[in-house]
Amino acid sequence: MKKLLVILTISLISQLSQANERFIPLELFTGGEIRDDTEIKFTKANLVFGEKKRKKIVGPEDWKYPNTGKIIKVYKRTRKGQSGVKTQYFTVTNDGQCIGRVWDSRRGGRIIVNGCKFPLGFWKEGEKRSFNGSSGGKTRKIELTILKLGKKQKDKIKFNWKLYDGAGKLMDDNDYTFSAGRAMTKLNDKKISK
């Protein structure tokens, strides 16, 4: 009887620990059609989004690294603002754990190495992961924490994104919400006092 109780307890704990884990598809970031499989694929994106319809994501397209000449698949995201159009290129990074920027037009344009802006693949609610990279040659640490996950691939997600400088000082702290077919639907920019 004791043995049966132990087996049932282990089985229940295993099921509960998996209940809050799910696959986060790339299409949740791009606003594309969400598939039922658990493979990260560069699927077609062409979406205008945001409250004021100033943001657009298209791709995938080939992009050549300015410093190496290497060609990779990217999504191009633009945002119209008062100071013109901001352009960023994103690709899958960190062994498929995120999609991150590889180039950003701001401040004269800069290369980003090992960027991470959105979680991909299997994550658990409450899970936190850290990634090391650089932006414009400066060391950066990125931290993602899943705040709300849902159970299905089409469920919206909410996560926290933090950016630290090379000395470990917090530079940016944002909560993002992404919804199926709509890409980013909410941004809570927690202003950091400089």
Complete set of residues in segment 125-139 that are part of a strand (DSSP E or B), in contact (Cβ under 8 Å) with a residue 24 or more places away in the chain and in contact with an Asp or Glu (Cβ under 9 Å, 6 or more places away or on another chain): R129, F131, S135, K138, T139
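Here is a list: F42, F49, F90. Which entry is farther than 27 Å from S130 by Cα, of a type in the set (F, W, Y) and in contact with a Lys or Arg (Cβ under 8 Å, 6 or more places away or on another chain)?
So the residue among F42, F49, F90 that is farther than 27 Å from S130 by Cα, of a type in the set (F, W, Y) and in contact with a Lys or Arg (Cβ under 8 Å, 6 or more places away or on another chain) is F49.
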Can you give me the number of residues within segment 158-189 that are over 22 Å from G133 (Cα atoms) and of a type outside the set (G, A, S)? 9
Going through segment 110-126 one residue at a time, which ones are surrounded by 19 or more Cβ atoms within 10 Å (Cβ to Cβ) and among the charged types (D, E, K, R)? K117
So which residues in segment 25-43 are buried (at least 16 other Cβ atoms within 10 Å of the Cβ), farther than 14 Å from G181 by Cα and of a type in the set (V, I, T), if there are any at all? I40
Can I142 be described as assigned to a strand (DSSP E or B) and either charged (D, E, K, R) or without any contact (Cβ under 8 Å) to a residue 60 or more places away in the chain (or both)? yes
Please determine, by comparing only the residues of segment 71-109 that are surrounded by 14 or more Cβ atoms within 10 Å (Cβ to Cβ) and outside any strand (DSSP E or B), which one is nearest to the chain's Cα centre (by Cα). Q97
Would you tally the residues in segment 149-184 being more than 14 Å from the chain's Cα centre (by Cα) and basic (K, R)? 5
So, in segment 44-70, of the ones that are within 19 Å of G84 (Cα to Cα) and without any contact (Cβ under 8 Å) to a residue 24 or more places away in the chain, which residue ends up surrounded by the most Cβ atoms within 10 Å (Cβ to Cβ)? K56
Which fully enclosed strands (runs of 3 or more DSSP E) of segment 150-194 have 1 or more residues being at pLDDT 95 or above and over 15 Å from L120 (Cα atoms)? 157-165, 170-179
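The values are calculated or read from the model by the stated rules, or taken from the named source; none is laboratory data. Everything numeric here is computed off the predicted structure, so don't read it as measured data. Methodologically, a virtual Cβ is constructed for each residue, glycine included, from the backbone with ideal geometry; neighbour enumeration extends over all protein chains shown.
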